[in-house]
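Undergrad: Below are the structure tokens for one structure; questions will follow.
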Amino acid sequence: MNIIEINNYRDFISLEEKWREVLQRCNHTIFSTWEWLSIWWKHFGNGKRLYVLLAEDNGKIIGIAPLMYSVDTLFGLRRGKIEFIGTPDSDYADFILVDRIGECIKLFIDYLNNIPAKWDYIDLKEMPENSKSLPFLNELCPKSLKTVNECTFMSLPKSYEIFLMNLNHKMKKDLSRTSRRIEETFKVKFADYSDSRSVSEGMQLLFKLHQKRWESRGFPGIFADQKVRDFHFEMAQLLSQRKWLRLHLLYLSGKPVAAEYGFAYRSKFYLYITGRDPEYYKYSVSNLLRAYIVRKLIEEKVTEYDFIRGKEDFKKRWSIFSRKNYQIMLVKKGLVARIQHHLYDEYWHQVNRFHYIFWMYSGRKDC
């Protein structure tokens, strides 16, 4: 078995078919697809270096390490790091492995130990608890594994009626009251913007609703950044062609008041970003829209609704089930490297804590 390094965008793009073939043979999420990672790199790869590693056995790819290298500086301190492509925008990240998992992981790490890039640590975030890579990584770096996020999810039954029966009493009562109140007051319309003909209009409406919600609370919202808007706009257009996009809006008397943007992939739905008009907060418009979407997903035979990472209160109102995401950090070998890492970590812990708080309150999730 040997390792092939892909370190430029053109070669990364050319991997589309081979990447898809590997994914067909292993468990993964939408955040490991070529579509998600290639578009993310196109918009956010500036200042970073690609390190996509392919584990090849007898001419066949059995493993992919979708990694990138970057350098951070703080108060004159330099820190080289290797992460998964898509960090921090991917809610799940992992190696893509078909066979001989332990051997692939070891070869990837050995290879990284010999690359020219001067990295100080490998920081692998948002690895799901069912990742087959985690046990092998934990062996390589004992005691470095830690929980970083909780991901709430709902199992979707075969019918919407069963779904309603399984909700807790308070949620069922609230949904019934919300629906009745809204229908008595407004003309209700649900709109699907998931297809390629309407996705552009739907994304613009999502941007406006999301920003309106967060600006009313004194925060910028993630779509204040043109680069973020461009990324999601292109992503939505491509995923609509793949039939993976799910973009729905709720209208009350002709006015858009709530939006939900996510992805249906391999029988699972991933909620990514929402938006709502704060003027309609008292009507619980997000709950009404979500109930409509759940009904549609059940009709499509989707088996799970994943709220993805974060402990927002609204998620617990819908489900008590959750899974954990993990982080594992591998520090470069050597006493000096470990001392430096410890010193740097004191600085970076506080900076990253601030960045995380800002990220959470700038509007990744609304309601």
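Undergrad: On a C-alpha basis, how far is the centre of the range 99-143 from the centre of the range 8-75 in Å? Whole number, if you could?
TA: One Cα centre to the other: 15 Å.
Undergrad: Would you calculate the separation in nanometres between label points at LYS158 and GLU279, each defined as 7 Å from the Cα along the Cα-to-beta-carbon direction?
TA: With each label placed 7 Å out from Cα toward Cβ, I get 4.6 nm.
Undergrad: With r as the distance between the Cβ atoms of ALA191 and ARG49 and R0 = 51 Å, compute the FRET efficiency 1/(1 + (r/R0)^6) and round to 0.05.
TA: Values: r = 42 Å, r/R0 = 0.83.
Using R0 = 51 Å, I get an efficiency of 0.75.
Undergrad: Please give the calculated 222 nm ellipticity per residue for the chain, where each DSSP H segment of at least 4 residues contributes -39500 (n - 2.57) and the sum is spread over every residue; nearest 500 deg cm²/dmol? Don't skip to the answer; put the middle values down first.
TA: Numbers: 12 runs with 148 residues, N = 367.
Calculated mean residue ellipticity at 222 nm is -12500 deg cm²/dmol.
Undergrad: Then there's this: If amide hydrogens are placed 1.01 Å from N in the peptide plane, which non-local residues have theirs closer than 5 Å to the one on TYR51?
TA: So TYR51 has HN proximity to LEU67, MET68, TYR69.
Undergrad: Tell me the net charge near MET1. Cut-off is 14 Å between Cβ atoms, MET1 excluded, with +1 for each Lys or Arg and -1 for each Asp or Glu. Can you show the working numbers first?
TA: Working: positive: LYS60, ARG100, LYS106; negative: GLU56, ASP57, ASP99, GLU103, ASP110.
Counting the neighbours of MET1, the net charge comes to -2.
Undergrad: Under 10 Å from the Cβ of ILE298, count the other residues' Cβ atoms, weight Lys and Arg +1, Asp and Glu -1, and hand me the total. Walk me through the numbers before you get to the answer.
TA: Working: positive: LYS158, ARG295, LYS296, LYS301; negative: GLU161, GLU299, GLU300.
Every neighbour counted, the sum reads +1.
Undergrad: Per residue, how big is the convex hull of the range 157-302 when only Cα atoms are used? Give it in Å³. Could you put the intermediate results ahead of the total?
TA: Details: hull volume 16.3 nm³, N = 146.
Enclosed volume per residue, from the Cα hull, is 111 Å³.
Undergrad: Obtain the nm distance between the two label points defined at ASP57 and ASP230 by a simple spin-label model: each point lies 7 Å from its Cα along the Cα-to-C-beta direction.
TA: For ASP57 paired with ASP230, the spin-label model returns 4.1 nm.
Undergrad: Assuming 1.002 mPa s and 20 °C, estimate D for the range 192-235 with Stokes-Einstein, Rh taken as the Kirkwood radius over Cα pairs, in µm²/s. Display every interim value, and only then the final one.
TA: Numbers: Rh = 10.9 Å.
Roughly 196 µm²/s, to the nearest whole number.
Undergrad: Right, something else. So how do 163-170, 309-316 stack up, highest first, on mean other-Cβ count within 10 Å? If you can, show how the numbers build up before the last one.
TA: On the way: 163-170: 13.1, 309-316: 15.0.
Put in order of decreasing packing, that is 309-316, 163-170.
Undergrad: Tell me the net charge near LEU67. Cut-off is 11 Å between Cβ atoms, LEU67 excluded, with +1 for each Lys or Arg and -1 for each Asp or Glu. Before the final figure, lay out each step's value.
TA: Details: positive: LYS48, ARG49, LYS81; negative: GLU5, GLU83, ASP123.
Net charge in that neighbourhood comes out at 0.
Undergrad: Can you pick out the pairs among LYS60/LYS118; LYS158/LYS324; LYS189/LYS296; LYS208/LYS301; LYS18/LYS118 whose Cα atoms lie more than 23 Å from each other? Don't skip to the answer; put the middle values down first.
TA: Working: LYS60/LYS118 30 Å; LYS158/LYS324 26 Å; LYS189/LYS296 14 Å; LYS208/LYS301 31 Å; LYS18/LYS118 30 Å.
Beyond 23 Å between Cα atoms: LYS60/LYS118; LYS158/LYS324; LYS208/LYS301; LYS18/LYS118.
Undergrad: Suppose R0 equals 35 Å; then what is the FRET efficiency for THR147 and LYS106 from their Cβ-Cβ distance, rounded to the nearest 0.05?
TA: It comes out at approximately 0.90.
Undergrad: Grab every C-alpha pair in the chain, bin the distances at 10 angstrom width from 0 up to the longest one, and report whole percents.
TA: The distribution over the chain is 5, 22, 31, 24, 13, 4, 0, given as percents.
Undergrad: Quick one: which residues, 5 or more positions from TYR193 or on another chain, have an amide H under 5 Å from its amide H? H modelled 1.01 Å from N in the peptide plane, none for Pro or chain starts.
TA: LEU247, HIS248, LEU249
Undergrad: Treating each Cα of the range 94-183 as an identical point scatterer and ignoring solvent, apply the Debye formula and state log10 I(q)/I(0) at q = 0.11 Å⁻¹.
TA: With one equal scatterer per Cα and no solvent, log10 I(q)/I(0) is -0.57.
Undergrad: On to the next question. For the range 57-202, what relative contact order do you get, as a whole percent, if you take Cα pairs closer than 8 Å and at least 6 residues apart?
TA: On the way: 114 pairs, mean separation 26.5, N = 146.
It rounds to 18 percent for the range 57-202.
Undergrad: At what distance in angstrom do the alpha carbon centres of the range 192-214 and the range 257-318 lie from each other?
TA: One Cα centre to the other: 15 Å.
Undergrad: Given charges of +1 on the Cβ of Lys and Arg and -1 on the Cβ of Asp and Glu, with all other atoms neutral, how large is the dipole of the chain about its Cα centre, in debye to the nearest 20? Walk me through the numbers on the way to the answer.
TA: Numbers: 59 positive and 45 negative charges, 225 e Å.
With Lys and Arg at +1 and Asp and Glu at -1, about 1080 debye.
Values quoted throughout were computed directly from the atomic coordinates according to the rules given, and no laboratory measurement underlies them. What you see is a predicted model; the values in this text were computed from it and never measured. Cβ coordinates were reconstructed from backbone atoms using ideal geometry, including for glycine residues, and neighbour counts include every protein chain displayed.
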